[in-house]
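Enquirer: The structure that follows is given in the form of structure tokens.
The values are calculated or read from the model by the stated rules, or taken from the named source; none is laboratory data. What you are looking at is a predicted structure, and each value in this text was computed from that prediction instead of being measured. No Cβ is skipped: glycine too gets one built from the backbone with ideal geometry, and neighbour counts run over all protein chains shown. Surface areas here come from the heavy atoms of the whole protein model, side chains and all, with no ligands, DNA or RNA. Shrake-Rupley method; radii C 1.70, N 1.55, O 1.52, S 1.80 Å.
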Amino acid sequence: MGVLVTTQAISPAVSFAPRLLSDGGRIEDQADWAIIGAVAGLFGLGLGVVAYICGVCQARSFNACVDAVRNYWGSGC
């Protein structure tokens, strides 16, 4: 009696690889975090510019800040 070994019997152990432990998953996760970091950086930069304009123009309320940002690019504060 011979033992028949098929690739189906071997492949489930080989093909199962958790995403965090495989090389492809780690690269994809790093790419996802890089995109999230870039978007957060752009939002942070925009928020910093708005805070700078509102501070320079001494806008103390939300509406005054919105008006200051709109006017800053044209006639100034």
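Enquirer: Quick check on the stretch 59-77: of everything there that is among the polar types (S, T, N, Q) and over 18 Å from GLY46 (Cα atoms), which residue is nearest to the chain's Cα centre (by Cα)?
Expert: Top of the filtered list is SER61.
Enquirer: Which members of the stretch 60-76 meet the condition of being open to solvent by less than 100 Å² (accessible area, probe 1.4 Å) and either in contact with a Gly (Cβ under 7 Å, 6 or more places away or on another chain) or not in a helix (DSSP H, G or I) (or both)?
Expert: Selection gives SER61, GLY74, GLY76.
Enquirer: Return the total of residues in the stretch 22-59 being of a type outside the set (A, V, I, L, M), at pLDDT 90 or above and open to solvent by 70 Å² or more (accessible area, probe 1.4 Å). Working first, answer last.
Expert: Initially, the stretch 22-59 is screened for residues of a type outside the set (A, V, I, L, M), giving 22-26, 28-30, 32-33, 37, 41, 43-44, 46, 48, 52, 54-55, 57-58.
Next, only the ones that are at pLDDT 90 or above stay: 37, 41, 43-44, 46, 48, 52, 54-55, 57-58.
From what's left, open to solvent by 70 Å² or more (accessible area, probe 1.4 Å): 43, 52, 58.
Number satisfying all stated conditions: 3.
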